[in-house]
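One structure below.
Nothing in this text is a laboratory measurement; each read-out follows from the coordinates by a stated rule. Everything numeric here is computed off the predicted structure, so don't read it as measured data. Cβ coordinates were reconstructed from backbone atoms using ideal geometry, including for glycine residues, and neighbour counts include every protein chain displayed.
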Amino acid sequence: MDVVHVTRAAETFTCNAYLAAEGHSTLVDAGAYDGVVDELRRHVDDLDAVVLTHQHGDHVEQLDAVVDAFDPSVYAFADHPLRTHELADGDTVTVGSDDFEVVFTPGHAPDHVSLVSETALFSGDVVIHDDGAFDDGSFGRTDYPGQSRERLVGSIRELLERLPDSVEHMYSGHGDVFHGDVRSVVERALERAERREPKYPGE
């Protein structure tokens, strides 16, 4: 599956938004980059779906613009005015040419889901390869209202239980795309999260 990082050129804060153009053309998270629609049009004429990992502003700010431009189906766990399909733990959703299992992974956000296939993981903000706090295995912050380190730790454990050993591509909400032993990255993120230490100074 070919995946394009469509917010790579953003100079302002946004999540990573990913386009899988083959088959069922799908955008995973809409991001906060005001050029995302133009970037999408460089790769596709139509967009079948948007799948949201969660609804923090940096992941959904441009959702209205994407929907106005392409009128895709919108998949989300929590209610949203533009949602057309509700996601639940254990559901299957098609991203591009592959089917992914929906894994409910709250902690960073109460509505957070991750997407797992036999070869790829869209981890949103539950696990991040490198984000400036940790390299080679980090996790989303949990110090804001509505967040929970305990729930995040439980979510990473659940993700590990449902992650095939064959997964070798990780597309996270921040930091770099990772290709290689994804399970080891998730395991390191879990070890660090379990320490219950602040992720950032002053947290």
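Can you tell me what the convex hull of the Cα atoms of segment 3-194 projects to on average, as an area in nm²? It would help to have the intermediate numbers written out before the result.
Working: hull surface 38.0 nm².
Mean shadow area of the hull around the Cα atoms is 9.5 nm².
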inquiry  = So if I take the centroid of the Cα atoms in segment 23-74 and the same for segment 135-203, what is the distance between those two points in Å?
reply    = 24
query = In Å, what is the Rg of the alpha-carbon atoms in segment 86-203, and how long is Dmax?
reply = 13.2, 43
ask   = What value does segment 161-203 have for Rg/Rh, both radii from Cα atoms and Rh as Kirkwood defines it?
value = 1.04
request  = Just name one of 63, 15, 148: the one whose Cα is farthest towards the positive end of the charge dipole of segment 3-194 (beta-carbon charges, Lys/Arg +1, Asp/Glu -1).
outcome  = 148
request  = Identify, among 28, 87, 128, the residue whose Cα sits farthest towards the positive end of the charge dipole of segment 3-194, taking +1 on the Cβ of Lys and Arg and -1 on the Cβ of Asp and Glu, with the dipole about the Cα centre.
outcome  = 128
Check: segment 3-194 dipole with +1 on Lys, Arg Cβ and -1 on Asp, Glu Cβ, in debye = 320
query = Could you list log10 I(q)/I(0) for segment 31-140 at q = 0.13, 0.16, 0.18, 0.24 Å⁻¹, which the Debye formula gives when each Cα is one point scatterer?
reply = -0.51, -0.78, -0.98, -1.45
